[in-house]
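The values are calculated or read from the model by the stated rules, or taken from the named source; none is laboratory data. If you're wondering where the values come from, they're calculated on a predicted model, not measured in any experiment. Using ideal geometry, Cβ is built from the backbone for each residue, glycine included, and neighbour counts are taken over all protein chains shown. The area values use the complete protein model at the heavy-atom level, side chains included, leaving out ligands, DNA and RNA. Shrake-Rupley method; radii C 1.70, N 1.55, O 1.52, S 1.80 Å.
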Amino acid sequence: MEGYGLPPALRSLLATLEKLPGIGPRSALRIAQAILKKPTLLEELSQALVEVQTKITPCRECGYWAEAEAGLCMICQDVRRTEPVLCVVKEPADVLAIERSQAFRGHYHILGGVLDPLSGITEKDLRLDNLWKRLQKGAYEEVLLALGTSPEAETTAYYIARQLTDWHGKITRFASGIPVGSELEYIDPLTLSRSLRERQPVYI
Ligand SMILES: [Zn+2]
(Lines give C-alpha, C1' and ligand atoms only; values in the text may rest on other atoms or scores of the structure.)
Protein backbone atom coordinates (compact mmCIF):
# COMPACT_ATOMS: atom_id res chain seq x y z
CA MET A 1 0.00 0.00 0.00
CA GLU A 2 1.24 3.50 -0.86
CA GLY A 3 2.18 5.74 2.04
CA TYR A 4 -0.22 8.69 1.60
CA GLY A 5 1.15 10.28 4.72
CA LEU A 6 0.59 7.19 6.85
CA PRO A 7 2.83 6.99 9.92
CA PRO A 8 5.38 4.15 9.60
CA ALA A 9 3.88 2.11 12.47
CA LEU A 10 0.50 2.11 10.78
CA ARG A 11 2.01 1.25 7.43
CA SER A 12 3.76 -1.69 9.00
CA LEU A 13 0.51 -2.87 10.63
CA LEU A 14 -1.22 -2.73 7.24
CA ALA A 15 1.61 -4.64 5.60
CA THR A 16 1.37 -7.32 8.31
CA LEU A 17 -2.41 -7.61 8.04
CA GLU A 18 -2.11 -8.06 4.29
CA LYS A 19 -0.01 -11.16 4.85
CA LEU A 20 -3.08 -12.86 6.35
CA PRO A 21 -5.15 -15.10 4.06
CA GLY A 22 -8.15 -13.37 2.53
CA ILE A 23 -7.04 -9.88 3.60
CA GLY A 24 -6.35 -7.40 0.81
CA PRO A 25 -5.28 -3.74 1.13
CA ARG A 26 -8.88 -2.52 1.64
CA SER A 27 -9.75 -5.03 4.36
CA ALA A 28 -6.41 -4.30 6.05
CA LEU A 29 -7.26 -0.62 6.14
CA ARG A 30 -10.76 -1.29 7.50
CA ILE A 31 -9.37 -3.54 10.24
CA ALA A 32 -6.68 -1.02 11.19
CA GLN A 33 -9.28 1.74 11.31
CA ALA A 34 -11.58 -0.29 13.56
CA ILE A 35 -8.73 -1.23 15.89
CA LEU A 36 -7.51 2.35 16.21
CA LYS A 37 -10.99 3.64 16.92
CA LYS A 38 -11.39 1.34 19.89
CA PRO A 39 -8.44 1.23 22.31
CA THR A 40 -10.01 -1.69 24.23
CA LEU A 41 -10.10 -3.76 21.06
CA LEU A 42 -6.46 -2.95 20.41
CA GLU A 43 -5.62 -4.05 23.95
CA GLU A 44 -7.65 -7.28 23.63
CA LEU A 45 -6.11 -8.12 20.30
CA SER A 46 -2.53 -7.58 21.37
CA GLN A 47 -3.14 -9.60 24.52
CA ALA A 48 -4.74 -12.44 22.57
CA LEU A 49 -1.82 -12.52 20.13
CA VAL A 50 0.75 -12.70 22.92
CA GLU A 51 -1.25 -15.44 24.65
CA VAL A 52 -1.48 -17.51 21.50
CA GLN A 53 2.21 -17.07 20.88
CA THR A 54 3.20 -18.20 24.36
CA LYS A 55 0.46 -20.69 25.24
CA ILE A 56 -0.39 -22.54 22.05
CA THR A 57 1.84 -25.17 20.53
CA PRO A 58 1.29 -28.01 18.05
CA CYS A 59 0.28 -31.18 19.92
CA ARG A 60 3.37 -33.41 20.15
CA GLU A 61 1.31 -36.39 19.09
CA CYS A 62 -1.07 -35.23 16.37
CA GLY A 63 -0.06 -31.65 15.50
CA TYR A 64 -3.41 -30.11 16.45
CA TRP A 65 -3.52 -26.99 18.66
CA ALA A 66 -2.52 -27.75 22.23
CA GLU A 67 -1.83 -25.81 25.43
CA ALA A 68 1.95 -25.44 25.61
CA GLU A 69 1.93 -26.59 29.25
CA ALA A 70 0.17 -29.87 28.48
CA GLY A 71 1.97 -30.56 25.21
CA LEU A 72 -0.94 -32.78 24.19
CA CYS A 73 -4.19 -31.51 22.67
CA MET A 74 -7.60 -32.12 24.26
CA ILE A 75 -8.41 -34.78 21.67
CA CYS A 76 -5.27 -36.83 22.34
CA GLN A 77 -5.91 -36.50 26.08
CA ASP A 78 -9.50 -37.72 25.82
CA VAL A 79 -9.54 -41.35 27.00
CA ARG A 80 -13.08 -41.85 25.69
CA ARG A 81 -11.87 -41.66 22.11
CA THR A 82 -11.39 -45.34 21.54
CA GLU A 83 -12.24 -45.82 17.85
CA PRO A 84 -9.00 -47.37 16.50
CA VAL A 85 -8.91 -45.05 13.50
CA LEU A 86 -6.32 -42.41 12.67
CA CYS A 87 -7.75 -39.68 10.49
CA VAL A 88 -5.10 -37.87 8.43
CA VAL A 89 -5.97 -34.25 7.59
CA LYS A 90 -4.19 -31.30 6.07
CA GLU A 91 -4.62 -28.54 8.66
CA PRO A 92 -5.98 -28.03 12.20
CA ALA A 93 -9.14 -26.35 10.79
CA ASP A 94 -10.05 -29.69 9.20
CA VAL A 95 -10.17 -31.27 12.66
CA LEU A 96 -12.75 -28.69 13.69
CA ALA A 97 -14.84 -29.47 10.61
CA ILE A 98 -14.86 -33.21 11.36
CA GLU A 99 -15.48 -32.66 15.07
CA ARG A 100 -18.54 -30.55 14.21
CA SER A 101 -20.03 -33.57 12.44
CA GLN A 102 -19.80 -35.54 15.74
CA ALA A 103 -19.38 -38.70 13.70
CA PHE A 104 -15.77 -39.54 14.54
CA ARG A 105 -14.32 -40.85 17.81
CA GLY A 106 -10.80 -41.72 16.75
CA HIS A 107 -7.62 -39.63 16.62
CA TYR A 108 -6.20 -37.22 14.09
CA HIS A 109 -2.89 -36.65 12.41
CA ILE A 110 -2.24 -33.22 10.91
CA LEU A 111 0.11 -33.30 7.96
CA GLY A 112 0.56 -29.54 7.75
CA GLY A 113 -0.14 -29.45 4.02
CA VAL A 114 -0.20 -31.70 0.98
CA LEU A 115 2.48 -32.58 -1.53
CA ASP A 116 2.77 -29.73 -4.00
CA PRO A 117 6.04 -29.83 -5.94
CA LEU A 118 5.18 -26.66 -7.89
CA SER A 119 5.06 -24.72 -4.61
CA GLY A 120 8.12 -26.55 -3.32
CA ILE A 121 6.24 -28.69 -0.75
CA THR A 122 7.79 -32.15 -0.64
CA GLU A 123 7.63 -35.19 1.66
CA LYS A 124 10.05 -33.68 4.16
CA ASP A 125 7.84 -30.60 4.67
CA LEU A 126 4.94 -32.72 5.96
CA ARG A 127 4.60 -34.54 9.29
CA LEU A 128 5.02 -37.91 7.61
CA ASP A 129 7.82 -39.44 9.73
CA ASN A 130 5.67 -38.80 12.71
CA LEU A 131 2.75 -40.52 11.00
CA TRP A 132 4.73 -43.69 10.23
CA LYS A 133 5.92 -43.79 13.85
CA ARG A 134 2.42 -43.44 15.24
CA LEU A 135 1.14 -46.21 13.02
CA GLN A 136 3.97 -48.53 14.02
CA LYS A 137 3.53 -48.10 17.73
CA GLY A 138 -0.17 -47.28 17.93
CA ALA A 139 -3.06 -49.65 18.17
CA TYR A 140 -4.74 -48.26 15.07
CA GLU A 141 -6.60 -50.55 12.73
CA GLU A 142 -7.48 -48.00 10.10
CA VAL A 143 -6.03 -44.91 8.48
CA LEU A 144 -8.67 -42.56 7.12
CA LEU A 145 -7.25 -40.21 4.51
CA ALA A 146 -9.28 -37.00 4.69
CA LEU A 147 -7.09 -34.63 2.75
CA GLY A 148 -9.72 -33.14 0.46
CA THR A 149 -10.14 -33.69 -3.25
CA SER A 150 -7.73 -31.28 -4.92
CA PRO A 151 -5.24 -32.92 -7.32
CA GLU A 152 -2.45 -32.32 -4.77
CA ALA A 153 -4.55 -33.96 -2.04
CA GLU A 154 -5.20 -36.95 -4.29
CA THR A 155 -1.48 -37.31 -5.02
CA THR A 156 -0.69 -37.11 -1.31
CA ALA A 157 -3.34 -39.68 -0.39
CA TYR A 158 -1.99 -42.01 -3.05
CA TYR A 159 1.57 -41.47 -1.82
CA ILE A 160 0.61 -42.31 1.78
CA ALA A 161 -1.39 -45.37 0.74
CA ARG A 162 1.58 -46.64 -1.28
CA GLN A 163 3.95 -46.18 1.67
CA LEU A 164 1.54 -48.18 3.83
CA THR A 165 1.15 -51.25 1.63
CA ASP A 166 2.84 -53.41 4.30
CA TRP A 167 0.93 -51.89 7.19
CA HIS A 168 -1.52 -54.31 8.85
CA GLY A 169 -4.58 -52.04 8.91
CA LYS A 170 -7.18 -50.75 6.48
CA ILE A 171 -6.69 -47.58 4.44
CA THR A 172 -9.88 -45.68 3.71
CA ARG A 173 -11.15 -42.36 2.44
CA PHE A 174 -14.43 -40.48 2.47
CA ALA A 175 -17.24 -41.74 0.33
CA SER A 176 -18.02 -39.72 -2.75
CA GLY A 177 -20.32 -36.80 -2.15
CA ILE A 178 -17.62 -34.31 -1.37
CA PRO A 179 -17.42 -31.94 -4.32
CA VAL A 180 -14.16 -31.99 -6.24
CA GLY A 181 -11.58 -29.48 -5.08
CA SER A 182 -13.48 -28.54 -1.94
CA GLU A 183 -11.86 -28.06 1.42
CA LEU A 184 -13.20 -29.94 4.43
CA GLU A 185 -13.96 -26.82 6.42
CA TYR A 186 -16.58 -25.71 3.88
CA ILE A 187 -18.52 -28.95 3.93
CA ASP A 188 -21.64 -29.01 6.08
CA PRO A 189 -21.59 -31.37 9.10
CA LEU A 190 -24.36 -33.60 7.72
CA THR A 191 -22.59 -34.33 4.44
CA LEU A 192 -19.39 -34.85 6.36
CA SER A 193 -20.90 -37.32 8.79
CA ARG A 194 -22.45 -39.26 5.90
CA SER A 195 -19.09 -39.37 4.11
CA LEU A 196 -17.52 -40.59 7.35
CA ARG A 197 -20.02 -43.39 7.82
CA GLU A 198 -19.78 -44.50 4.21
CA ARG A 199 -16.03 -44.42 3.89
CA GLN A 200 -14.42 -46.60 1.26
CA PRO A 201 -11.19 -48.54 1.00
CA VAL A 202 -8.33 -46.98 -0.95
CA TYR A 203 -6.97 -49.26 -3.65
CA ILE A 204 -3.53 -48.68 -5.10
ZN1 LIG B 1 -3.18 -34.21 19.71
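Counting only DSSP beta bridges with both residues in the stretch 82-201, the antiparallel share comes to about 20 percent. Each Lys or Arg adds one and each Asp or Glu takes one away; over the other residues whose Cβ falls under 12 Å from the Cβ of Ala93, this sums to -3.
When only C-alpha pairs under 8 Å and at least 6 residues apart count, what is the relative contact order of the stretch 82-201, in percent?
Details: 184 pairs, mean separation 36.8, N = 120.
The value is 31 percent.
From most to least packed by mean Cβ count within 10 Å, the peptides 138-147, 189-198, 23-32 give 138-147, 189-198, 23-32. Only Lys, Arg, Asp and Glu carry charge here, each on its Cβ (+1 for the first two, -1 for the last two); on that basis the chain has a dipole of about 160 debye about its Cα centre.
To the nearest 10, the accessible area of Asp78 is 30 Å² with a 1.4 Å probe.
Taking the 1.4 Å solvent-accessible surface of the chain as the whole, the part contributed by carbon and sulfur is 56%. Seen from a random direction on average, the alpha-carbon convex hull of the chain projects onto 14.2 square nanometres. With a cut-off of 11 Å between beta carbons, the residues surrounding Pro117 carry a summed charge of -4, where Lys and Arg count +1 and Asp and Glu -1.
Could you tell me how far the Cα centroid of the stretch 134-204 sits from the Cα centroid of the stretch 14-53, in Å? Centre-to-centre (Cα) distance: 36 Å. Multiplying the residue separation of Thr122 and Gln136 by 0.36 nm and removing their Cα-Cα distance gives an extension gain of 2.8 nm.
The average projected area of the stretch 82-201, computed from the convex hull of its Cα atoms over all directions, is 6.8 nm². When the pairs Lys55/Lys137; Lys55/Lys133; Lys37/Lys90; Lys19/Lys170 are compared against a 31 Å limit on Cα-Cα distance, Lys37/Lys90; Lys19/Lys170 fall above it.
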